[in-house]
1. So which residue, out of GLY67, GLY260, GLY25, gets the largest mean-square fluctuation from a GNM of the chain using Cα contacts under 10 Å as springs?
2. Could you give the alpha-carbon Rg of the chain over 2.2 N^0.38 Å, rounded to two decimals?
3. For ASP201, list long-range residues whose amide hydrogen, built 1.01 Å from N in the peptide plane, is under 5 Å from its own amide hydrogen.
4. What ranking do TRP90, TRP38 get, fewest neighbouring Cβ atoms within 10 angstrom at the top?
5. Using the alpha carbons of the range 163-207, what is the convex hull volume per residue in cubic angstrom, as a whole number?
6. Once the mean 1/r over all distinct Cα pairs of the range 80-201 is inverted, what Kirkwood radius in angstroms do you read off?
7. Add +1 for every Lys or Arg and -1 for every Asp or Glu among the other residues with Cβ under 14 Å from the Cβ of GLY36, and state the total.
8. Say the dipole of the chain comes from +1 at the beta carbon of Lys and Arg and -1 at that of Asp and Glu; which of ALA278, ALA183, MET56 then lies farthest toward its positive end?
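Rule-based calculations on the coordinates, nothing more; no lab input. Keep in mind the model is a prediction, meaning the values are calculated, not measured. Here Cβ is always computed from backbone atoms with ideal geometry, including for glycine, and neighbour counts include all displayed protein chains.
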Amino acid sequence: ISAMMADRSLPPMIWVFLDHSGATGTNEFADSVNNGPWGKALTEELIPALERQYAMDARPSGRFLTGHSSGGWSTLWLQVRYPKLFGGSWPTSPDPSDFHNFTNIDLYAPGANFYRDAKGQPIPLVRDHGKLIATMEQFARAEAVLGPYGGQIASFEWVFSPRGADGRPVPVFDRATGKVDPAVVAYWRDNYDVANIVTRDAAALRRDLDGKIHLTVGTADTFYLDGPAHLLEAAMAKARIKASFTYLPDKTHFDLYVRGDDKMALMKDNAWAMYAVARPGAKRPAP
């Protein structure tokens, strides 16, 4: 980062890299009944402490979010949950933001199943362009063998699910059959489906969220995350909240940032877009 700022390929900014990993998986910096109030701790404790200690631009136009994959979902949810605090979010390839397409699963469909679609066909989860690599069932069963904590699906439940009588998150689906629990899905919808939150709270969010979401995903995303991004884009448009969505042709989950020989090209683009908000009129140096 310092080298890229020194050669002016990145603008002068203070970067804070947040580690959201933990014993139960990733906490996403989302407020959760299972993991705790990570969003509240970030926004009410950590950020104010940093701004007291360092020469930071302590105003919304000086605070920006960006992250990839689960970090992309986190920075998307944080911007929607705390729209006045941040001046914009640049999520890349975020985890599903509309649960009508939770990596190819419509969680709201009657009789929804994590493993099979309405026609009984296996639900794909991982692809390499046109080649299927793994199904959701294969992924879920492999994760179950490895243990109940720390995997991707378990992480979702530790963040999104209500707490059960045993003190653990209530599973969103039966690991043996794939059957989805509609009551758990309803809880997920009300608290963590970003498209639903934007639609439901459009009037309250519009002023503070307008123009602040800038999402980028590849059309060949390895985990099919371009699908839910399209649904979120439609929800934002219906809510009349301005947002920008960019779909990079043939890019996957893992080469999204690459352009030519530059492996960090998208990061640089997003950083300069942030800087334009913080310092209107600033010019990006010619390459």
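1. GLY260
2. Details: Rg = 19.2 Å, N = 287, 2.2 N^0.38 = 18.9 Å.
This ratio for the chain stands at 1.02.
3. When sequence neighbours closer than 5 places are left aside, there are no close amide H contacts.
4. Working: TRP90 26, TRP38 21.
Starting with the residue having the fewest Cβ neighbours, the order is TRP38, TRP90.
5. Working: hull volume 4.0 nm³, N = 45.
Convex hull volume per residue, Cα atoms: 90 Å³.
6. On the way: mean 1/r = 0.0638 Å⁻¹.
Kirkwood radius, the range 80-201: 15.7 Å.
7. Values: positive: LYS40, ARG163; negative: GLU28, ASP31, GLU44, GLU45.
Charge balance near GLY36 sits at -2.
8. ALA278
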